[in-house]
Amino acid sequence: DAGITQSPRHKVTETGTPVTLRCHQTENHRYMYWYRQDPGHGLRLIHYSYGVKDTDKGEVSDGYSVSRSKTEDFLLTLESATSSQTSVYFCAISESDGVSGANVLTFGAGSRLTVL
Amino acid sequence: AQTVTQSQPEMSVQEAETVTLSCTYDTSESDYYLFWYKQPPSRQMILVIRQEAYKQQNATENRFSVNFQKAAKSFSLKISDSQLGDAAMYFCAYRSGGGSQGNLIFGKGTKLSVKP
């Protein structure tokens, strides 16, 4: 169990308000990721982190920022939420599969965000 | 850029029967990994099976197996003895062998229904 906790699990907010989603992991994994899932698009990478204060952009990073001040926490911030950011957001960590040593992604339970 | 295509938005199978979900991908890389993830109604993303491109042998995990055709860039998932609990969205995903450990590129998914 990778011990990934996302919060909040559900949030409804209004256009223009700031929103922060939190991903917390308990096993000291170096790599953490934020994806969004939308119907007809599968999952798309927003941002990822490869260590404390080390982050990089993914495929759909516009309108999002991230921070990682501690190994265990990876925050995703929408500075001014828009209706197009209504989505389900997944946090993930990269860990060895325990068999071949290949790294696989393990996901959190997701956070559903609705922007009205 | 790499792409992943799942051409079957929906599939249906009778309980205890076998079903195959299709996935094709496009890449110019020789070192990569392929994955199938399952997403039941609970929304949790669950790793079903993974395949390293350098391995010729098809991966198998209990009732789940893949048909990996590297030259054709095809990676289909076969589910044998289908069970009601197999009903879910299934996502095919690609990851480069180098670079970040977890920048997965996902297909749009196939919704599998299992009829009793």
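If you go through the stretch B:49-65 and keep only what is part of a strand (DSSP E or B) and away from every other protein chain (no Cβ under 11 Å), you end up with B:THR60, B:PHE64, B:SER65.
Put simply, of B:LEU77, B:LEU34 the only residue that is more than 14 Å from every other protein chain (Cβ to nearest Cβ) and buried (at least 17 other Cβ atoms within 10 Å of the Cβ) is B:LEU77. Within the stretch A:27-80, if we keep just the residues that are over 13 Å from the mean Cα position of the chain (by Cα) and basic (Lys, Arg), the residue that is surrounded by the most Cβ atoms within 10 Å (Cβ to Cβ) turns out to be A:ARG30. Within the stretch A:1-19, the set of residues being not hydrophobic (A, V, I, L, M, F, W, C) and not in a strand (DSSP E or B) comprises A:ASP1, A:GLY3, A:PRO8, A:ARG9, A:GLU14, A:THR15, A:GLY16, A:THR17, A:PRO18.
When the criteria are applied in full, A:ARG22 meets the requirement of being in a strand (DSSP E or B), charged (D, E, K, R) and farther than 28 Å from B:LYS111 by Cα.
I'd like to check which strands (runs of 3 or more DSSP E) are fully inside the stretch A:28-116 and have at least 3 residues that are at the interface with chain B (Cβ under 9 Å from one of its Cβ atoms).
Result: A:32-38, A:42-51, A:87-96, A:103-107.
Note on the stretch B:1-31: residues that are closer than 17 Å to B:GLY97 by Cβ and either away from chain A (no Cβ under 14 Å) or in contact with a Leu (Cβ under 6 Å, 6 or more places away or on another chain) (or both) amount to 5. The number of residues in the stretch A:4-60 being more than 23 Å from A:ASN103 (Cβ to Cβ) and aliphatic (A, V, I, L, M) comes to 3. Within the stretch A:20-67, being of a type in the set (Asp, Glu) and more than 14 Å from A:SER87 (Cβ to Cβ) holds for A:GLU27, A:ASP54, A:ASP56.
Throughout, read-outs are computed from the coordinates displayed, never taken from laboratory work. From a predicted model like this one, the values you see are computed outputs, not experimental measurements. In this analysis, Cβ positions are derived from the backbone assuming ideal geometry, glycine residues included, and neighbour counts consider all displayed protein chains.
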